[in-house]
Structure formats: C-alpha cells, structure tokens
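The values are calculated or read from the model by the stated rules, or taken from the named source; none is laboratory data. Just so it is clear, the structure is predicted and the values come from calculations on it, not from any experiment. Ideal geometry is used to build each Cβ from the backbone, glycine not excepted, and the neighbour counts take in all protein chains shown.
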Amino acid sequence: MTKILACIDASAYAASVCDLVAWAAKRLALPVELLHVVQRRDAVAQRHDLSGAIGLGAKSELLEELTRLEEADSRLQIERGRVLLATMADRLQADGALAITPLHRHGGIVETIIEREADARVVVIGKRGASHEFATDHIGSKIERVVRASAKPVLIAARASQAPQSVILAYDGSKPAHRALERAANSPLFAGLPIQVVTVGPDDNKHRALLNKARTALSASASVTLTILPGKPEDAIAELMAATPHALLVMGAYGHSPLRTLIVGSTTTTLIRTVHAPVLLVR
Amino acid sequence: MLSIASLQREWLANPRADILAGIVVALALIPEAIGFSIIAGVDPRVGLYASFSIAFIIAFVGGRPGMISAATAAVAVLVVPLVRDHGIEYLFAATILMGIIQVIAGFLRLDMLMQYVSRSVITGFVNALAILIFIAQLPQLMGVTWMTYAMVAGGLAIIYLFPRITKAVPSPLVAIVILTILSIYGGLNVNTVGDMGELPSTLPAFLIPNVPLTLEMLQIILPYSLTMAAVGLLESMMTAQIVDDLTDTGSDKRREMKGQGIANFATGFLGGMGGCAMIGQSVINVKSGGSTRLSTLVAGTFLLFLIVVLGPFVAQIPMPALVAVMIMVSIGTFSWRSIKDLRTNPWQSSVVMIATVVIVVWTHDLAQGVLAGVILSGLFFASKVKRLFTVTSEISADGNARTYRVAGQVFFASSDSFTSAFDYKEVLDRVVIDVSDAHFWDISAIGTLDKAILKFRREGTAVEVIGLNDASAAMVERYALHDKPGADAQLGAH
C-alpha cells in the first residue's frame, strides 16, 4: 500500500508540512503516515568527564549513569512528541487528509525516514529542523542527507505553505532533471496546474532544443509555458520563484558527487535555501 | 561503505568529544603499552609501536566504532615463553600468523561461537584479566625500598582524588607528571621506564621478521599464534559487547574479527606485538565522551606523536607511577559486582566463574579458562534440563494394560532416568508409552526408548508408542531399532 510520509518535529515547519501533505494527500488520494522521531540526546558526550580514572565497578556505574541521563531526557521527548503528533494529526484532518496514521519512533532521523519510505510515494519534510530553526537562509543539516539517501521524491515545505497553484519546473537536461520532468508530466499531484518550464542560459539552439523536448513530454498537461532565463541558475530561478506567488518548484536534485559538492557547492542546496516556496526534489 | 551517512555516524558524530577522548586514551595507553611490554619481556618500544599500529588500523577496519584496541595484557602473558626461548623475531612472526588466523576466523563466522560463552564465563574472563594485570605488577613491588610503595600509594591517591577537584584533565596523567617531577628533582632512587629497555625515537618502519622460513619455525609459533588469536578475539568480542551496551548502539562483530586480524597482521611487520580490544581503555574512552572511529584514530596517532616527541621525558617516568596506573586499570577492569553476586547467584554460575578465574590465573592462558568455563556451563545446563523430565502412569480398568505418560526432555543426561522409570516386572498384556509431551533429542534418547520397548517385549508385553512429535519421530525413523526386523537379536548382542 502506498502512502505519503510526512516527517515533523517540534519546529515551526511542522504546520506547513501538514498543510502541504494535506494538499498532496487529496490530490493523490493516498493515506498519510505522520512520522515523528524521538532523538535521544547523547549522554556520552554530555558528561564532560576527561578524568580517565576507572575505579571500583567502573563499567556498571557508567552504564547506570548513562541510562539514567538518557531515560529522563527520552521521557520528556516522548511526551512532547505525543502532543505534537496529536496536534498535527488534528490539523491534517481539518485540512481534509483522508487517512492519517501517526507514527512515533526512536532512532536517528535520517535512518528512520529511509526505513519508513519504502512504500511511500513521496516524502514531505520541513526545510529546517528544530535544531536550526532560527538560522535563516540555512537549510537543515538533515535535508541533504535525506535527499541523497532517499529513493523517493522529497517534497520540502517552506515556512508558510499555501496550496500551490502553479508549477515551475527547472530543467537543464541532466538525468535527475529528466526524471523531474517525467514526474511533472505524469503525477496526479500536478494535474490541471499550469506548468512553466525554465532553463537557464543563453537563448540559443541548444537551450531551445531542451525546451522543445520538455514540451513534447508535457503534451498532456493543461497549460505549458517555456522560458529561457539569462544568468546563473541559482539566481535566475530564485528570482522567478519570488516573482511567482503560490508556485511549487520541481527539480532534479544533487546530480554531482558529495565530494564535488563539498568543493564547488551545490545548486540544489542553494536553491532550497533561497527559495521561499515548496520544492519537490527528484533524484 | 563510505557513504555520507556512515561517514557522519562513524566518524564525525561529535568530533570535539571524540578528539578529547582520544587524547585521554592515548595518555592512558602509554603506561599500559609499556607495562604490557615489560610483562611480555620485550622493549617498551614493541608495545608502543603495536599500540599505535593496532589502534590506527582498527579505526578504519574494525567493526565496533569507539572501541580501543592496542597491545594487551591478555596477549602479553601468553608470549612470555616464546620471547624467552626463541627471541623477539619469533614474536613478530607469531603476531603475523595470529592476524591471518583471525581473518580466517572472521570468514568462518566464528563470532557465532560467542553465543555459547555464558555470562558467568565472561565475568570470570574479565576478573581473571584484572588479576593477571595486577600480578604482573608484583615484580615491580618486590624487594624494593619503602619509597616505591609510598609513590605507588601517592599515585593511586592522585588518580582517584584528583577528579574531585577537576574532571577537565586526566588524573592518571597528573599522577605521572607529579611523580616524575618528584623523582627527578627529589633525586629518588627508583626504577624508571628508561631502565626497562629501549624507547622508540622514530616512526615504526616496515620490517620482515628475521626468522627462518621453515616448517620447524611454523611448529614453534603456530600454537602461540592460535592461542593469541583465540584470546584476542575473545577479549575483542567481549569488549565490543560492553561498548555496545554502554553506547546503546550495534556493532558488526564479523567485521571486527577480520579487522583485528588485519591490524595484527600489519603490526607484526612494524615491529609490534599482537594485541586486541582493551576493556579498561574502551571504558575510559566512552567515559570521556568517545564513541566513533575518530577517537580510536586520534588515540593511536596521538600516542605515536607523544612517544616520538616526548621520548626523553617518557624515559624519566618512575616505574611506581606506571604501577599505580596499571593497578587502576586492574581495579577498573575487575567486576566487583560479581563478588557481591557470588552469594545470590545460583551456585553453578559462581562455580563456573571461579573455575574460569582459577584456571586462567593458574595457566596464564585466558583461552584455557574460557574453554573450561564453557564446558562446565554446558554440563550444568545439561544437569538442569535433565530434571525437566517426569513419568506418570495409570493402570487400565481391567488391570491388564498400563499407560505411561512421559513428559520433558529425553537426551543423553536423562536417558538413565528414562530407562528406570518403567516397571518391567509388572504382569501386563499391553503397555502404552505416551510421549506427546516429551522430546527425544539425540541418539542416546532413541537408544533408551529402544531398550525400554525391547525389555517390555521380552516379558511378553505388547508396547505401543503414541504421540511422538515430528522431530522425535524423524529421529526414531532414522535411528531406532525396535520398529525394524531383527531388533531383538541386535540389541541382545550389546
């Protein structure tokens, strides 16, 4: 059975994730799995004990102390998580989602998402997690890891999401971009929405050919606009998104290796950061 | 394998804490590596190079992030006769062979054998190890001046009391520094590390052990390599379990076995002795905040840096300071709870634990102790399960037939009870043996069933066995004689 996997934590993004999920759930007619991960604080690193002395019963005492520290923290986290899940499930219901299964798990955030996404059509996650909430224009440390590890399209919610009313598809002819194009053409998620295909570069034959290819693929869609923008992709697309309210950006993600990204940076990361609208990443 | 996620989790989860913990471990490794070299009867250099090389390599190839491996007491006590009779080059060769054996053991999935090592045996192993480390300090404490005792006591006092002032500095290091300054400026007449043998002044270099490549040489080192490999893997698997519990994370035991092998194999070529995971150091590492491969790597690298740069200073460290640190390691390794538990645990568990300790301390071979412990646990287990066996019976209304109901486990240990549970001399036409609640485990059990049935038959009683479960029925089908022609003659011959 397929589903939509909605990942929430205690950040302000939880609400907009829910709104976006409700929109997608209605369009795809799929049930929602609402996931919250209890992340235990690491007691080992918390203790700041560099004395290096081990005395009577060192092993059992250490084990007891670590268990005690983590137990108290976990209990608090669990209580908070329960309240969060209940609130957000109510919100989803009010937004009109069909079936909601709340899911509360222990473990690493990224690992749990990857574990649960097996039968998901799409994974929805907030742009930043609770640990990065006020760092504006940054993206959460887990987003890139989730997107790279995930085999599913990942829909990233911005801080305030309204139901998208149009789609902007960033298309550069690369493999991930091509998969994004296919997704835009075939997914019921975008049925009936106007699609604007954007490629960035000089207005020459090569780029026109790209757009023509996109038009052929999108022949079934309601309304298709083709645009060639000059400049650097990350700037041009960000400006276009800012100028188009209620749009959703669809693009291929992380076409390059982590090593290259480390050195020259990543267009994907920059765009997620600068665009204040929902983004669907397809690998 | 080298995905971003695993890189993050296994190396960079908390770099600051890991680097600090690695440094604390490196400082604690110096006295231990020197101490274990002295136990084995080799230059401190050999243990220090080994500790560097094993920790460095295992950081990459091990299966348990955050576990510290280096030259250990468990291996050092084994090689004493080898070094004494044949020299150090044979030790290097034995270390290389030990590594090869461990890699093979990893491929054979011998970590599964750890399932048969009971908790009592593990406790016995740990306690025996602590006692061995302590005993190894005794030569340093015999026939010496009162000054030595005073320094050891002072060192222990600093180690355990200094953390009450601050936990920002490793207290064993403080003890070593203070005692060294005292002995240099006080002109105290005690042994120093420099008196124990050569310290390294350079990086370790690749060398091929200078031994004849003959069958004779192999015959000399093979028994040593086998026990070294076994003991090394045992301690590593146990330590991995302890680190698993402390950090509440999982580990890849099979990869750890192969990793230990690779580390030892390479260490033999760098002029180091064999080693394995260290219980005490791993606990220190976790306690100091280390939990990833990074802390193991830092421990190894920083250790080498320290000994190459601070070599002249290390040579000045008085032996009593070292002895104090080793006594701390011994105390921290010992499971004190097991002493308290001796009275409350089942007596069999206590016997297994004590037997393991006694045999290890007697033979200085942890492998023999564990083997004895495992055999004893097996025997005790069999004798407990054998009691899960009952036979009840009832006579029929006309008094000519009797139904025996057998329940429980029938195997080699309970087969005698099975045979003697029947009254063969009762005059009956028919006997029904209802075994629906019993399980026949082995050919001893089947043999006993045969014997009982044929005994009844000889008295002229017809026997019917009912309710055999599938597994038992399959055993009877294959191995029993009573249901096959000529059974009486064959059994009679026994």
> All but one of (1) away from chain A (no Cβ under 14 Å); (2) part of a loop (DSSP other than H, G, I, E, B); (3) surrounded by 12 or more Cβ atoms within 10 Å (Cβ to Cβ) hold for residue B:167; which doesn't?
Replying inline: (1)
> Which one is farthest from residue B:233 (Cα to Cα) among residues in segment B:115-160 that are without any contact (Cβ under 8 Å) to a residue 24 or more places away in the chain and outside any helix (DSSP H, G or I)?
Replying inline: B:143
> How many residues does segment B:285-302 hold that are within 14 Å of chain A (Cβ to nearest Cβ), under 23 Å from residue B:177 (Cα atoms) and modelled with pLDDT of 90 or more?
Replying inline: 4
>> Which numbered condition in (1) in contact with a Gly (Cβ under 6 Å, 6 or more places away or on another chain); (2) surrounded by fewer than 24 Cβ atoms within 10 Å (Cβ to Cβ); (3) over 26 Å from residue B:106 (Cα atoms); (4) modelled with pLDDT of 90 or more is the only one that residue B:81 fails?
In response: (1)
> How many residues does segment B:264-279 contain that are in a helix (DSSP H, G or I) and under 18 Å from the mean Cα position of the chain (by Cα)?
Replying inline: 2
> From the list B:180, B:202, which residue is β-branched (Val, Ile, Thr), in a loop (DSSP other than H, G, I, E, B), more than 14 Å from chain A (Cβ to nearest Cβ) and closer than 21 Å to residue B:29 by Cβ?
Replying inline: B:202
>> crowded, with 18+ Cβ neighbours inside 10 Å, at pLDDT 85 or above and of a type outside the set (D, E, K, R): is that true of residue A:125 in this structure?
In response: yes
> Does residue B:282 count as within 13 Å of chain A (Cβ to nearest Cβ), out of contact with any Cys (no Cβ under 6 Å at 6 or more places or on another chain) and not in a helix (DSSP H, G or I)?
Replying inline: no
> Any idea which residue in segment B:273-327 is surrounded by the fewest Cβ atoms within 10 Å (Cβ to Cβ), counting only those that are farther than 20 Å from residue B:194 by Cβ and touching a Phe, Trp or Tyr at 6+ places or on another chain (Cβ under 7 Å)?
Replying inline: B:301
>> Go through (1) surrounded by fewer than 20 Cβ atoms within 10 Å (Cβ to Cβ); (2) at pLDDT below 90; (3) under 16 Å from residue A:279 (Cα atoms) for residue A:196 and report which single condition fails.
In response: (2)
> What number goes with the only condition from (1) farther than 25 Å from residue B:266 by Cα; (2) surrounded by fewer than 17 Cβ atoms within 10 Å (Cβ to Cβ); (3) away from chain A (no Cβ under 14 Å) that residue B:245 does not pass?
Replying inline: (3)
> Given segment A:174-283, what helices (runs of 4 or more DSSP H) lie entirely inside it while holding 1 or more residues that are closer than 17 Å to residue A:154 by Cα?
Replying inline: A:175-186, A:267-274
> Of the residues that make up segment B:301-317, is at least one farther than 17 Å from residue B:72 by Cα, aliphatic (A, V, I, L, M) and assigned to a loop (DSSP other than H, G, I, E, B)?
Replying inline: yes
>> Quick check on residue B:252: is it charged (D, E, K, R), without any contact (Cβ under 8 Å) to a residue 40 or more places away in the chain, over 21 Å from residue B:124 (Cβ atoms) and in the same structural domain as residue B:66 (by TED's automatic domain parsing)?
In response: no
> Can we say residue B:257 is within 9 Å of chain A (Cβ to nearest Cβ), part of a helix (DSSP H, G or I) and touching a Leu at 6+ places or on another chain (Cβ under 8 Å)?
Replying inline: no
> Under 6 Å by Cβ, and 6 or more places apart or on different chains, what pairs join a residue from segment B:320-338 that is more than 7 Å from chain A (Cβ to nearest Cβ) with one that is not in a helix (DSSP H, G or I)?
Replying inline: B:320/B:190
> in the same structural domain as residue B:195 (by TED's automatic domain parsing), hydrophobic (A, V, I, L, M, F, W, C) and under 30 Å from residue B:171 (Cβ atoms), is that true of residue B:40?
Replying inline: yes
>> Restricting to segment B:204-217, give me the number of residues that are hydrophobic (A, V, I, L, M, F, W, C) and loosely packed, with under 11 Cβ neighbours inside 10 Å.
In response: 4
>> Among (1) at positive phi; (2) surrounded by 15 or more Cβ atoms within 10 Å (Cβ to Cβ), there is one condition residue B:187 misses while meeting the rest; what is its number?
In response: (2)
